[in-house]
Structures are given as C-alpha cells and as structure tokens.
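Comments concern the structure below.
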Amino acid sequence: MKQTPAVNTLRPSACPGLLRIVQALDGGICRIKLAGGSITAAQAHAVADAAQAYAGGVIEATNRANLQIRGIGNEEGALIALLLAADLGPSNAAGDDVRNLMLSPSAGIDPQMLFDTRPLAEQILTTLQGHPRFHELSAKFAVQLDGGEDLAMLEHHHDLWLSAFVRNGQTLLAFGLAGCPGLDAPVAAVPLEQGHALVVAVLEAFLDLATPEQTRMRHLAVDKLLSRLSVPVLTADGFKRPASGALLHLGSYPQVQKNQFYVAALAPLGRLDATMLKGAAQLASDYGDGTLRFTPWQGVLLPYVEKPHAVTERLMQLGFLCSIDQPLARMTACTGSSGCGKALADTKADAVQLAALQVAHDVHLSGCPRSCAAAHTAPVTLLAVSPGHYDLYFRDAAQPGFGRLHAHALSIEATGALLRARPRSNTDD
Ligand code: SF4
C-alpha cells in the first residue's frame, strides 16, 4: 500500500484534493484524481461507500475525468482513510494536486489511436508526483496527452497539450501551450520517445520563468519558454488533429481489440449517487474487464464489453443517460445555489426543468460569470441573473467569453420557447 500522507504537509489552496477537503454550502468536497480517468470496480465501490458513510451520498463526475464526493460532514479523516486504503491516493502527499494529466477515455482501445498513451502517461504521472519541484505547480495546472484517438476531448484548455501525428512514417508528438489540440496550433513537436523528456523540460522552464503570481501557462510568453527548453524540438509541420468522432462519448462502439466494445454513458448533469456508481462497477465486473473510465463529458465508459446492449440497458435503468435524444444529455450546469454561495440560481434544477421542455440544444447553465464548471464555451450559455432567470448567450467565435448576448433575464419557460423555435444548426457554430 502507498505511504499514508500527512495531511498537514499540504499547501493551502482553494481547490479540493483527496487530502484537502474544501468547504462548500452543502458540506465538504473531496476530489479524487484518477489516472487517465480509470478506476477499478473495487475502488469505485470504495468511493460509493465513502460517499454513503461520511457524506450526503452525492458523487460528481468532473469535466477533467475525476470524481468528487460532496456534502462531507465531520468525519473527514475516516473518509480520507477509506479512500487511501482503496489505493486512490497520491504516491506522496505533496503530489496529490499535480496529478492533472488527461488522456482520451479510449486510450489503448480506440481503433484510430496512433499509440497507446498509457505507459507514457504513467511515466509522466510518476514524475509529477515524485519530483518535489513540480509540487510548486498550481493545483489547476494541467497536461493533456492525446494519442490520436477518435474519442477525444479536444476543446478543453490545458497548460501543456501533446497530440500524436505521423510525419514521413514517424510518430511525433506535437505540443502546444495554454490551449488545446482541437482549436490551437502547436508550437513545435518532438519524437514520441522524447515525450516524457519534453514534459519535464516544459515544466522546469515554466517554473524557472514564472513569478509567484504567474501560476498558469497563459501568463507566460511562449517564445521565452521555448528558448529555455532543455530538449531539442522539431517543427510541427503537417500536424492537423482530425476532429473527434461526434457523440462517441455516448453509446457503444467497437474497440481495436476484436469482438470487444466500449459502452459510454453520461451522469445526468455530472452527478451520480452511490447506487449508480456501485451499479456501474458491478457491470464492469460482470460484463467488462473490471475497470471503469470516467470521461471529460462527465460520464463513464466501460471497456472490454462483449454484450454492449445488455450493459447499455442496465446503465439506463441505473439512471445514466445513454442517448443524445435525451435532452439532459446535452446539458451541463455548475453546482448552483444548492452548493455554491456565489450562485444566483439553482442551475441544476433549472437544467432539469429546461430539459423537460424538450430543448435539443447544447446548453450550459452557469450560476455566476466564473463559469467554473465549463471547460469550453457551449453553443448556448445561460448565465444566472436571479433565481430562475438567465441571460442567454450564443457562442460566437468573434466574441470572447460566452459569446453574443441574445436575451436578458429570461425565465426557463421563455428560454425553452426561444430555443425550441430556433434550429440547432444556428447555435452549433
Ligand atoms: S460558476 Fe459560479 S455559481 Fe457556479 S459553481 Fe462556479 S462559482 Fe459557483
């Protein structure tokens, strides 16, 4: 078992971690960072047990493919001990915050992948946790490693992203800073074998250059950082990340392994309870390889399934969303006033109400302008102005933030009527 970290060695931060329970309106929050989003069925049972025994039972699937438990009461120590006993902790206490490496949920199983990212990811995660200097990084500092999978989140900004491509028969890793492979141009590339060395070099150069106030890559000049790199880099000529397959995060799809499928579903508005999590874990044991992967769409993926229909049916019975025809599958919402003191509206309840009005648009409901639960701009954003009322924005590439303000202080009913009257193609720019 891993060493038991001493909680008092943690640095102060407003971000929850496994060892740092942060208080919200509805109790404490514990964030469990999963390597590549992956968790075993036994670990998932432990998370569900912890949520039931020491919290209100609400578990969240985050948009960085992690899990968090909400509503934790006084027994923080017992909850943390249970999670550590399930081997969900960092290899040392100071390394908890820096376990921020996002992979494609279909790493190692995707028919389109150019390589299996998981061994390199493990190497990077070991270095992040084991190299004391990297513990100086912000708890939000995040890296993405993309192996060219068809199922990939390509729009979430990361401080450093790496994305595989092939040039003249050689697999290279293009990389970019403060952006994402789906929308931004890379700054350079390295041979695949240099991937680990590159991550180390970029992080060291960042820490060399950044002042204490400069906590994220976007705060630094790219040229300055590149000139400090201790590894040689190549041009990224020829890199173009193909778009991710539409809707592959929902439904069942063949893996590269013969006769094997993955089944993907969403947790409604990113939330599940202990029964759902245990049910999904049981399905992974009964029908899959005994593992689950959480996805950046706030959902779950069960790999190595031979009978996908049976699994999909059971996931639906458990309360997961398995079809894009379910309006709630198109909606995301921040915590809202039931758990966040900054929220001006109960975004989750309002999203359920909006979905019931058969709105078929991709909508994000935000309780305040921080929009902390949206990793990228949604085609439609509803920004709360008072309980049950929202400003409505349409995404517009020419405008920063949420996009173009279309209407002010709409009720949910009025929002539903407006969106139903508007074809989705007008908002999915
Ligand atoms: S977006 Fe605002 S209201 Fe919503 S959870 Fe974040 S801080 Fe709270």
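Points worth noting:
- Restricting the stretch 348-359 to residues that are within 15 Å of the ligand (Cβ to nearest atom) and closer than 21 Å to ILE324 by Cβ, the residue that is least open to solvent (accessible area, probe 1.4 Å) is ALA351.
- So SER106, is it over 22 Å from VAL231 (Cα atoms), buried (at least 17 other Cβ atoms within 10 Å of the Cβ) and out of contact with any Phe, Trp or Tyr (no Cβ under 6 Å at 6 or more places or on another chain): yes
- Residue check for VAL199: open to solvent by 20 Å² or more (accessible area, probe 1.4 Å) and of a type outside the set (Ser, Thr, Tyr): no
- Residues located in the stretch 407-429, provided they are more than 22 Å from ALA356 (Cβ to Cβ) and either modelled with pLDDT of 95 or more or in contact with a helix residue (DSSP H, G or I) (Cβ under 6 Å, 6 or more places away or on another chain) (or both): HIS408
- Members of the stretch 374-401 that are modelled with pLDDT of 95 or more and among the hydrophobic types (A, V, I, L, M, F, W, C): VAL380, LEU382, LEU383, ALA384, VAL385, LEU392, PHE394
- Test: LEU177 is at pLDDT below 95, within 30 Å of GLY299 (Cα to Cα) and either in a strand (DSSP E or B) or of a type outside the set (S, T, N, Q) (or both): no
- The stretch 365-391, subset of a type outside the set (Ser, Thr, Tyr) and open to solvent by less than 10 Å² (accessible area, probe 1.4 Å), residue nearest to the ligand (Cβ to nearest atom): GLY367
- Selection within the stretch 361-389 - free of Cβ contacts under 8 Å to residues at least 40 places away in the same chain, closer than 27 Å to LEU247 by Cβ and touching a strand residue (DSSP E or B) at 6+ places or on another chain (Cβ under 6 Å): HIS364, LEU365, SER366, THR381, LEU382, LEU383
- If only residues of the stretch 331-343 that are within 7 Å of the ligand (Cβ to nearest atom) and of a type outside the set (D, E, K, R) are counted, the one that is surrounded by the fewest Cβ atoms within 10 Å (Cβ to Cβ) is CYS340.
- Elements of type strands (runs of 3 or more DSSP E) in the stretch 346-408, at least 2 residues being farther than 24 Å from ARG64 by Cα: 380-386, 389-394
- Among the numbered conditions (1) away from the ligand (no atom under 14 Å from the Cβ); (2) open to solvent by less than 10 Å² (accessible area, probe 1.4 Å); (3) within 24 Å of PRO400 (Cα to Cα), the only one that ASP362 does not meet is (2).
- Here GLY169 qualifies as farther than 15 Å from GLN123 by Cβ, of a type in the set (Gly, Ala, Ser), open to solvent by 30 Å² or more (accessible area, probe 1.4 Å) and out of contact with any helix residue (DSSP H, G or I) (no Cβ under 7 Å at 6 or more places or on another chain).
- Of all the residues in the stretch 314-325, those that are modelled with pLDDT of 95 or more and either under 17 Å from HIS364 (Cβ atoms) or within 16 Å of the ligand (Cβ to nearest atom) (or both) number 1.
- Residue in the stretch 198-214 that is assigned to a loop (DSSP other than H, G, I, E, B) and either in contact (Cβ under 8 Å) with a residue 12 or more places away in the chain or acidic (Asp, Glu) (or both) present: yes
- The set of residues in the stretch 221-240 being under 15 Å from TRP161 (Cβ atoms), open to solvent by 30 Å² or more (accessible area, probe 1.4 Å), in a loop (DSSP other than H, G, I, E, B) and among the aliphatic types (A, V, I, L, M) consists of VAL233 alone.
The values are calculated or read from the model by the stated rules, or taken from the named source; none is laboratory data. In this text, all values refer to a predicted model and were calculated from it rather than measured experimentally. So basically every Cβ, Gly included, is an ideal-geometry build from the backbone, and we count neighbours across all protein chains shown. Keep in mind that these areas ignore ligands, DNA and RNA; they rest on the heavy atoms of the full protein, side chains included. Shrake-Rupley method; radii C 1.70, N 1.55, O 1.52, S 1.80 Å.
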